[in-house]
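Structure record follows, encoded as structure tokens.
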Amino acid sequence: MNSPLDQKQADEIRQQVRDSYAEVAESSNNGSCCGEQSSCCGVSDDAAINALVSTRLGYSEDDLANVPAGADMGLGCGNPRAIASIKPGETVLDLGSGGGFDCFLAAAETGESGHVIGIDMTPAMISKARNNTVTGKYSNVEFRLGEIEYMPVANETVDVIISNCVINLSPDKQQVFSEAFRVLKPGGRLAISDVVASTELPDEIRNDLALYSGCMAGASQVSELHDILMNSGFEKISIAPKDESKEFIKDWAPGRGVEDYVLSATIEAVKPGGRCCSGGCC
């Protein structure tokens, strides 16, 4: 298990991540939000390139066509909506919402009776997402500036939390999942795509701030994440690594061999409680 970070290290990581994704939001086309030639960020002003990245992650052509131009920024490591089972009328929270891509897709599933909230700690991302909301005329989507360790969301108001390759960026994952537990309604669920470590990361990866903002150095091992979720109060925990994700992860930091240490996974869990039905409590 990784040693706890001190406050100075945690602050350095947050600032590095914030600066890196501000560059993405501001359409910096230097090929890297991570200090590498390629990264999980898929940074590009070319919509065709971003679409290629997103379809590789599990999104459909219809998904890409049904959001405002610029919402798909080629970010992520999977498609959390594929496991979220979002229902009409639900309240959905997206952690690290970026340009709003997953929020806008979720909005179509919740319908006008539902509500979608995106949280991002980067002001430039929030501005971009809000502009996309106006462009797409979404009445059931809002974006809030904040850190996922301290979510600007009331207790027990959310049905499902989604997130795409963001929680690995946090230097305090226990705090993130404790907050997730707080804001979820009883019976609420997690549906997350993220990067996990398949083995202990070597120091040259773990201590590289560029690889941290690149969704690699901050990855936790599956057993560690399972313990964090358990400690937060979740049940029905499922963490499923995807071996095939190594094919695109190796492009994030060419020549560094990161694919030997990290891979994408789906993370699911449920907050106990909720309504009871014929099949038991759900």
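Give the number of residues within the stretch 237-269 that are touching a strand residue (DSSP E or B) at 6+ places or on another chain (Cβ under 7 Å) and either among the polar types (S, T, N, Q) or touching a residue at least 40 places away in the same chain (Cβ under 8 Å) (or both).
Residues in the stretch 237-269 being touching a strand residue (DSSP E or B) at 6+ places or on another chain (Cβ under 7 Å) and either among the polar types (S, T, N, Q) or touching a residue at least 40 places away in the same chain (Cβ under 8 Å) (or both): 15 in total.
How many residues are buried (at least 17 other Cβ atoms within 10 Å of the Cβ) and not hydroxyl-bearing (Ser, Thr, Tyr) when one looks only at the stretch 225-236?
Just the residues of the stretch 225-236 that are buried (at least 17 other Cβ atoms within 10 Å of the Cβ), to begin with: 225-226, 228-229, 232, 234.
From what's left, not hydroxyl-bearing (Ser, Thr, Tyr): 225-226, 228-229, 234.
Residues in the stretch 225-236 being buried (at least 17 other Cβ atoms within 10 Å of the Cβ) and not hydroxyl-bearing (Ser, Thr, Tyr): 5 in total.
Give the residues of the stretch 218-245 that are within 18 Å of the chain's Cα centre (by Cα), in a helix (DSSP H, G or I) and modelled with pLDDT under 95, sorted by residue number.
Ser245 - this is the single residue of the stretch 218-245 that is within 18 Å of the chain's Cα centre (by Cα), in a helix (DSSP H, G or I) and modelled with pLDDT under 95.
So, of the residues in the stretch 140-180 that are out of contact with any strand residue (DSSP E or B) (no Cβ under 8 Å at 6 or more places or on another chain) and among the small types (Gly, Ala, Ser), which turns out to be surrounded by the fewest Cβ atoms within 10 Å (Cβ to Cβ)?
Ala154
Taking the stretch 74-100 as the search range and keeping residues that are closer than 25 Å to Glu244 by Cα and of a type in the set (A, V, I, L, M), which one is surrounded by the fewest Cβ atoms within 10 Å (Cβ to Cβ)?
This residue is Ala82.
I'm trying to understand the selection: among the residues of the stretch 164-204, which are at pLDDT 95 or above and at positive phi?
Passing the criteria: only Gly187.
Residues to consider are Val24, Val92; find the one that is closer than 22 Å to Ser170 by Cα, within 15 Å of the chain's Cα centre (by Cα) and either at pLDDT 90 or above or β-branched (Val, Ile, Thr) (or both).
Val92
Which residues, counting only those in the stretch 178-209, are among the acidic types (Asp, Glu) and within 13 Å of the chain's Cα centre (by Cα)?
Asp194
Could you count how many residues in the stretch 110-125 are at pLDDT 95 or above and either touching a helix residue (DSSP H, G or I) at 6+ places or on another chain (Cβ under 8 Å) or buried (at least 18 other Cβ atoms within 10 Å of the Cβ) (or both)?
The total comes to 8.
With within 15 Å of the chain's Cα centre (by Cα) and among the aromatic types (Phe, Trp, Tyr) as the only criterion, which of Tyr261, Tyr212 stands out?
Tyr212
Just to verify a result, which residue in the stretch 126-139, among those that are of a type outside the set (Ser, Thr, Tyr) and surrounded by 19 or more Cβ atoms within 10 Å (Cβ to Cβ), is farthest from Gln15 (Cα to Cα)?
Per the criteria, the residue is Asn132.
The values are calculated or read from the model by the stated rules, or taken from the named source; none is laboratory data. Note that the coordinates shown come from a computational prediction; the quantities given were computed from them, not determined experimentally. We place every Cβ from the backbone using ideal geometry, glycine too, and count neighbours over all the protein chains shown.
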